[in-house]
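*Asks:* Please see the structure below; I have some questions.
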Amino acid sequence: MKIAIPSEVDAGESRISATPDTVKKLVGLGASVEVASGAGLRSGITDADYEAAGAAVVPTNADALREAAIVLKVRRPGPEELRDYAPDAIVIAIMDPYGHQEALGALAAARVSAFAMELMPRITRAQVMDVLSSQANLAGYRAVIDAAAEFSRAFPMMMTAAGTVPAAKVFVMGAGVAGLQAIATARRLGAVVTATDVRPAAKEQVSSLGAKFVAVEDEEFKQAETAAGYAKPMSAEYQQKQAALVADHIRKQDIVITTALIPGRPAPRLVSAAMVESMRPGSILVDLAVERGGNVEGARPGEVVTTANGVRIVGHLNVAGRLAASASTLYARNLLAFVETLIDAKTRTLAPNWDDELVKATLLTRHGAVVHPNFQPQMD
Ligand code: NAD
């Protein structure tokens, strides 16, 4: 049973799908692990580190992929990469399937069994495999660090002989995993923090971190959480009320960090150009939803935009990847935990249970077809 760790081919991807720690455990499960030379460098892992953990380091991705039963990846492989995959290989990655039917077709055409880690159900058993949480947590932290680096004033209140510097005012929009970590980080840096969300459950979590909760708490708000714990898309009426409340609050803020997402849909637009213009020069917005369409009007993927009145909108891509070593450590452990469920510990062979709820929830393609109910071609 060979497991391949190819280099990520996307230039914007600094993370890697295995660490020496997880390689050791994969070898312990009975696998032979082959890592493409240089695959871990951007996460600070050398070929020698992988070799010391029990992997064989091979010159190219094609070498690692040859006859591999399992391929561990960060990003979905494209048609070029898939040429080197063995038919029926299992490939596990962040597949970004929504709106990418063609890419799913390519996975099916390559006859691989493709698993999307981001579709893992958020149940207790799968908590250790939750890539959305592991990566969002780091992104939330990094968003605050990025904001602090762009901001020309201090975060904490400083009382000095030369006078007092006021604490920065930080507003976090969307208090899920990323937002809660952003709140905690901004608080640790000494900012005065407020936060909003449409899910009532977020209120207590925000308060417990020492931030003030700001939201339109009407009847719709009370019903805004799905059974899976995610936000529902809100009505136009709610969005208007929310915008009015937020508009008044935002103009008094120094830093706004937005993290609002709705699974499978474009990110909700929460901050208009007028709201951005109402902020003082030197204020910073960080839009963590920029890859999914953005919460902030004027945010551009991969860019830091300075508006006419001197407000900066930060739209870094792959924010967790800006902490590549930490992100890889956690992501690799998420993958390892899932791989463990696919291997029979007694026979030390690959033995996926295709009826397991984790498998059913994450399997996109198998035997040449798209098999996931959410991505059937006719439902496009
Ligand atoms: P997410 O990334 O889907 O969205 C981020 C946040 O944006 C969410 O809190 C959402 O409510 C919020 N949001 C959406 N629309 C908004 C709007 N119009 N205005 C303001 N905020 C808006 O969410 P997430 O971080 O993945 O977390 C979703 C929930 O799942 C949370 O309750 C979290 O605690 C929970 N969770 C559970 C588990 C588990 O049980 N294993 C693991 C992780 C997260």
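Every number in this text was worked out from the coordinates using simple rules, so none of it is lab data. Treat the numbers as computed from the prediction; the structure is a model and nothing was measured. Cβ atoms come from the backbone with ideal geometry, glycine included; neighbour counts cover every protein chain shown.
*Asks:* Give me the net charge for the shell around Pro87: Cβ to Cβ below 13 angstrom, other residues only, Lys and Arg +1, Asp and Glu -1. Walk me through the numbers before you get to the answer.
*Replies:* Values: positive: Arg66, Arg83, Arg111, Arg366; negative: Glu67, Asp84, Asp88.
Taking every other residue near Pro87 into account, the sum is +1.
*Asks:* Can you give the Rg and Dmax of the range 1-142 based on its C-alpha atoms, in angstrom?
*Replies:* Radius of gyration, then largest Cα-Cα span, for the range 1-142: 14.8, 41 Å.
*Asks:* Considering the Cα trace of the range 284-331, what is its radius of gyration and what is Dmax, both in angstroms?
*Replies:* Every Cα atom of the range 284-331 included, Rg and Dmax give 12.2, 40 Å.
*Asks:* Same structure again: P(r) tail for the range 176-243, what percent of Cα pairs lie past 16 Å? Walk me through the numbers before you get to the answer.
*Replies:* Working: 1077 of 2278 pairs.
The calculated P(r) of the range 176-243 puts 47 percent of pairs beyond 16 Å.
*Asks:* Then there is this: Given a Förster radius of 56 Å and the C-beta distance between Glu118 and Ala161 as r, what FRET efficiency does 1/(1 + (r/R0)^6) yield to the nearest 0.05?
*Replies:* Using R0 = 56 Å, I get an efficiency of 0.60.
*Asks:* Could you check what % of the DSSP bridge pairs in the chain are antiparallel, to the nearest 5?
*Replies:* Here the share of antiparallel DSSP bridges comes out near 25 percent.
*Asks:* Could you tell me the calculated FRET efficiency between Tyr230 and Ser272, based on Cβ-Cβ distance and R0 = 22 angstrom, to the nearest 0.05?
*Replies:* Efficiency at R0 = 22 Å is approximately 0.35.
*Asks:* In whole angstrom, how long is each semi-axis of the equivalent ellipsoid of the chain, when you take the square root of 5 times every eigenvalue of its Cα gyration tensor and sort them from largest down?
*Replies:* 40, 24, 18
*Asks:* Remind me, relative contact order of the range 1-77 in percent, using alpha carbon pairs under 8 angstrom and six or more residues apart?
*Replies:* Numbers: 147 pairs, mean separation 34.6, N = 77.
45 percent.
*Asks:* How are the alpha carbon pair distances in the range 207-293 distributed across 10 Å bins from zero to the largest one, expressed in percent?
*Replies:* Percent of Cα pairs in each bin: 14, 45, 36, 5, 0.
*Asks:* Follow-up. Taking 35 Å as R0, compute the FRET efficiency from the Cβ-Cβ separation of Thr341 and Glu204 and round it to 0.05. Don't skip to the end; give the middle numbers.
*Replies:* On the way: r = 33 Å, r/R0 = 0.94.
That gives a FRET efficiency of 0.60.
*Asks:* Taking the DSSP beta bridges in the range 258-325 as the whole, what percent of them are antiparallel, to the nearest 5?
*Replies:* 40
*Asks:* Just want to confirm a number: the relative contact order over the chain, from Cα pairs under 8 angstrom separated by 6+ residues, in percent.
*Replies:* 18
*Asks:* While we're looking at this one, here's another question. Trypsin sites (Lys or Arg not before Pro), restricted to the range 91-164: which are DSSP loop and have at most 10 other Cβ atoms within 10 Å?
*Replies:* none
*Asks:* Report the convex hull volume per residue for the range 299-380, counting only C-alpha atoms, in Å³.
*Replies:* 167
*Asks:* Around Ile3, under 13 Å between beta carbons, what's the net of Lys plus Arg minus Asp minus Glu among the other residues?
*Replies:* +3
*Asks:* Still on this model: Could you count how many Lys pairs in the chain have their Cα atoms under 22 Å apart, skipping same-chain pairs fewer than 8 positions apart?
*Replies:* Lysine pairs meeting both conditions in the chain amount to 24.
*Asks:* Still on this structure, please answer the following. Out of residues 5 or more away from Leu364 or on other chains, whose amide H comes under 5 Å of its own, with H placed 1.01 Å from N in the peptide plane?
*Replies:* Under 5 Å from the amide H of Leu364: Ala114, Phe115, Ala116.
*Asks:* Out of residues 5 or more away from Val71 or on other chains, whose amide H comes under 5 Å of its own, with H placed 1.01 Å from N in the peptide plane?
*Replies:* Long-range HN contacts for Val71: Ala4, Ile90, Val91, Ile92.
*Asks:* So what are the range 78-228's ellipsoid semi-axes, whole angstrom, largest first, if each one is the square root of 5 times an eigenvalue of the alpha-carbon gyration tensor?
*Replies:* Ellipsoid half-lengths, sorted descending, are 40, 21, 12 Å.
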